[in-house]
1. Please report B:R168, A:R291, B:R255 as a ranked list, fewest other C-beta atoms within 10 angstrom at the top and most at the bottom.
2. Tell me the mean residue ellipticity at 222 nm calculated for chain A from its helices only (DSSP H runs of n ≥ 4, each -39500 (n - 2.57), averaged over every residue, nearest 500).
3. Give a residue-ordered list of calculated ³J(HN,Hα) values for region B:167-174 (Karplus: 6.51 cos²θ - 1.76 cosθ + 1.60, θ = phi - 60°; whole Hz; x for Gly, Pro).
4. Could you please report the charge total around B:L231, scoring K, R as +1 and D, E as -1 over all other residues with beta-carbon less than 12 angstrom from its beta-carbon?
5. Amide H of B:R213 versus every other amide H placed in the peptide plane: which residues, excluding those fewer than 5 positions away on the same chain, fall under 5 Å?
6. With an 8 Å Cα cut-off and a minimum separation of 6 or more residues, compute the relative contact order for chain B in percent.
7. Whole-Hz Karplus ³J(HN,Hα) for region B:15-28, in order, using 6.51 cos²θ - 1.76 cosθ + 1.60 and θ = phi - 60°, x for Gly and Pro?
8. Taking θ = phi - 60°, what integer Hz values does the Karplus form 6.51 cos²θ - 1.76 cosθ + 1.60 yield along region B:118-128, in sequence order, with x for Gly and Pro?
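What follows draws every value from the coordinates through simple rules; no lab data is involved. These figures come from a predicted structure and were not determined experimentally. Here the Cβ positions follow ideal geometry from the backbone for every residue, glycine too, while neighbour counts run over all protein chains shown.
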Amino acid sequence: MSSGPAEVFDLGYRGYDGERTGRWARRNAIWRDGIRISLGLGRGVGAKVAPWLLLALALVPMVVLVVVAAFVGPATNPDDFELPSYGDYYGYAMVPLALFAAVVAPLLICPDRSDRVLSLYAARPITALDYVGARWASFATVLLAASWAPEAVLFTWNVLDAKSPGSFLRDNWDVVPRFLAAGALIAVVLTTLALLVASFATRRAYASVAMLAVIFIGSAIGGIAEENFSGGAADAVSLVGLPQAMTDAVHWIFGDELDRPVSGGVSALWLVGLTIVLAAWLVRRTNRLVRG
Amino acid sequence: MALLRAHELTKTFGSVRALDGVDFEIDEGITGLLGSNGAGKSTSLKLFLGLLDPDSGTAEVLGQDARSSPDVRARIGYAPEHDCLPRNVSAAEFLAYMAQVSGLPRTAARLRASDVLRHVGLFEERYRPMETYSTGMKQRVKLAQALVHDPVIALLDEPTAGLDPLGRREMLELIRRVGGEFGISIVISTHLMGDVERACDSVVVLDAGRLLRSGPVSGFTEETETLEVELLDGADAVVAALRGRGLEPKLDGRRLTLEDVSGEDYDTLRDVIVDSGAVLYRLAPARHSLADVFTRDGAEATREEAAS
């Protein structure tokens with residue numbers, strides 16, 4: 001078989017006359033991009049360190065505890081080793097999840113602002129709401145997965161460890177919607193707050209510091225109000241401590257009885273209302289940014 | 001049907017009237033939106049993209065009100081004047097993403113991204129992070145992202161900004177190719193008359209928010225009734241002889257001009273040059289330039305304002 005010299009053909013410009021997708025597919029493209037940014041996928045090792053480390057901090061302790069329970073638990077006195085409750089683990093996981101929100105969420109908005117890419121989004125067949133909604137959904141997806149995963153591990157272990165998994169499932173099925181709801185509450189509050197804070201900064205570091213400041217200063221004010229004052233006003237001020245409010249709301253969702261000045265139900269309502277206000281602010285803010 | 005149509009378009013920002021009831025249409029081909037800073041060029045582009053709401057009037061794109069639906073923008077490309085490219089992403093990845101956001105399926109978006117980058121001369125560099133690109137390469141990526149979804153019309157805001165003379169010439173040649181071979185109509189917003197004269201078929205001239213003139217570029221640069229003659233030697237003798245025959249030439253160095261020439265004047269000039277023994281280097285009717293539009297129409301506007 002003989003072959004002649006290779007030739008390169010210039011096909012010239014070819015237009016595109018194939019399928020064009022609708023608004024949901026365009027939103028989906030932004031959502032997928034947001035997931036990749038959140039997890040550092042397709043980026044260098046440096047971009048992966050912070051998100052995966054913080055996500056591991058939320059998940060790995062539960063896995064370790066379950067492994068310990070599996071291998072050590074049967075040989076020890078049940079009173080000496082006890083797995084955390086669903087509500088208690090959320091109380092712990094909230095710290096790495098909040099740090100994840102503070103460190104990673106700004107990546108979804110700040111570079112688009114500082115590199116002025118928003119003007120290109122503005123010229124695409126999407127709205128500012130499509131853009132920020134898809135960005136919000138992508139980060140919330142990652143946070144939801146990170147919130148639910150350890151609870152799912154715990155629930156699965158409890159089912160497998162039960163003498164009768166079938167009857168355990170019948171008696172405890174309500175734990176699943178509870179941990180889904182509690183995880184959703186944490187993910188939605190942290191996502192909305194972190195993206196709103198990020199929308200006011202062009203540099204990621206400033207946004208991260210601002211997000212941590214909101215959480216820590218709020219917690220300090222809430223703690224002072226709760227420790228040193230009493231009455232309705234003090235209870236209301238104590239709600240600005242978001243981690244505590246989220247912890248109370250999570251325990252309320254699981255039906256845990258806690259001796260707290262503000263009931264978990266009120267905390268949950270406050271967080272839902274606050275998130276709606278923050279979300280409206282975020283949409284308004286993004287609309288201004290995108291339209292320039 | 002006009003691709004873009006401004007009807008009685010008015011837009012104010014506070015006390016500044018950026019556009020003052022302008023009417024113009026932009027058809028297929030390459031059109032220059034020409035004007036100095038603050039003329040209303042960028043405001044016009046933003047109104048056509050539906051990013052601004054006009055105070056009155058309408059901005060229509062492909063027969064639809066620009067604000068009617070974001071879907072209108074599926075067939076428009078846009079490259080802003082300023083930097084707008086993410087730094088740590090490759091051109092191939094970014095263009096594929098932008099194509100998807102513009103409504104192309106994933107596989108088609110990747111193919112189009114590579115194809116368009118090849119056409120703008122960045123095929124080899126397409127996987128490099130864009131922060132490593134030169135200004136000229138970034139301008140090409142900006143053009144490529146405006147074309148990646150195969151729009152009907154692309155709006156380019158100052159596409160030659162920041163480029164050296166060679167880069168500017170290459171960019172204008174590329175734009176000519178896009179408008180010709182690619183069949184994508186182009187609107188160039190610019191304050192550089194040379195860019196319009198070199199690359200555009202038509203021009204819309206804005207000045208302080210008002211429409212100065214619009215039409216084919218050839219109409220602005222058509223021949224005038226002034227004759228330009230360049231002589232290497234004997235210019236003074238020719239001028240004297242022409243004056244002797246009742247003509248009024250103006251001499252500027254070795255170049256003389258004759259205004260309002262008729263057919264007979266050409267014969268007279270020929271005879272005078274032959275008789276005087278002068279060496280003729282060039283003889284041609286003078287052409288208008290786009291610069292004349294500003295001086296002539298600007299002067300008329302000033303006179304009208306003074307009269308009113």
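1. B:R255, A:R291, B:R168
2. -24500 deg cm²/dmol
3. For region B:167-174, the Karplus curve yields x, 5, 5, 5, 5, 5, 5, 4 Hz.
4. -2
5. Amide H neighbours of B:R213, under 5 Å, 5+ apart: B:V205.
6. 19 percent
7. Once θ is set to phi - 60°, the couplings for region B:15-28 become 8, 8, 8, 6, 9, 10, x, 7, 10, 7, 10, 10, 9, 4 Hz.
8. 5, 5, 8, x, 10, 5, 5, 9, 5, 9, 7
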